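The values are calculated or read from the model by the stated rules, or taken from the named source; none is laboratory data. Note that the coordinates shown come from a computational prediction; the quantities given were computed from them, not determined experimentally. Neighbour counts are summed over all protein chains in view; Cβ atoms, including those assigned to glycine, are modelled from backbone coordinates with ideal geometry.
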Amino acid sequence: MNHPLEMRRIRRGKRERGVATVEFALTAMLFFTLIFGIMDFSYLCWGDLAMQHAVREGTRYAVTGRADLDPIPDGTAKDRCDAAIAAIKNQSMGFYDRASPTIVFKTVDAITGAITPVPGGSCAAAGQIIIISVTCSLAPLTPFLKPFLAGGKWVFTVSTTMKNEAFTGL
């Protein structure tokens with residue numbers, strides 16, 4: 001004959017079926033939220049670093065006096081700014097198209113020291129300080145971070161400042 005304690009254990013075992021599955025489901029949700037959050041955050045940081053690298057390379061390309069990357073060369077000083085944009089796009093590791101960038105060219109006024117837009121859209125004056133600023137908005141890979149980002153996208157700005165080299169050009 002079964003002992004009363006054994007009978008209780010048998011009844012309790014029947015009531016606890018599926019508890020491990022429910023515990024796993026709750027724990028897995030937390031685990032996957034954490035993993036996907038880390039992946040998204042890493043992706044967004046990588047996008048920021050890739051665009052920073054691209055802007056630095058594009059600015060370096062512009063200040064050396066080169067304009068051969070301009071997709072539509074028209075013989076103007078603006079060709080260097082257009083070539084800098086092409087260099088940024090080439091160096092962005094694919095983030096340029098994903099980030100829908102807004103590019104602003106600025107310079108430092110030699111007389112007042114104020115930061116102003118590049119005159120006439122030209123990056124061509126030797127000795128001129130060029131500031132290229134790119135504002136990007138990048139969407140995360142998964143929906144886990146979207147509620148924490150304004151508009152569901154991470155907006156960031158990267159910029160680089162360099163002085164044009166003394167070149168003979170436009």
Of those in segment 135-170 that are in contact (Cβ under 8 Å) with a residue 60 or more places away in the chain and in contact with a Phe, Trp or Tyr (Cβ under 9 Å, 6 or more places away or on another chain), the residue surrounded by the most Cβ atoms within 10 Å (Cβ to Cβ) is CYS136
Hits in segment 91-101 - residues which are exposed (fewer than 11 other Cβ atoms within 10 Å of the Cβ) and part of a helix (DSSP H, G or I)
ASP97
Every residue in segment 102-115 that is at pLDDT below 90, part of a strand (DSSP E or B) and more than 13 Å from THR161 (Cα to Cα), please.
none
Within segment 124-134, restricting to residues that are outside any strand (DSSP E or B), small (Gly, Ala, Ser) and out of contact with any Lys or Arg (no Cβ under 6 Å at 6 or more places or on another chain), the one that is surrounded by the most Cβ atoms within 10 Å (Cβ to Cβ) is ALA125
Does GLU16 satisfy the condition of being at pLDDT below 90 and either under 17 Å from the mean Cα position of the chain (by Cα) or of a type in the set (Asp, Glu) (or both)?
yes
All but one of (1) within 24 Å of the chain's Cα centre (by Cα); (2) modelled with pLDDT under 95 hold for LEU170; state the number of the condition that does not hold.
(1)
Please go through segment 139-161 and give me each residue that is among the hydrophobic types (A, V, I, L, M, F, W, C) and within 30 Å of ILE129 (Cβ to Cβ), ordered by number.
TRP154, VAL155, PHE156, VAL158
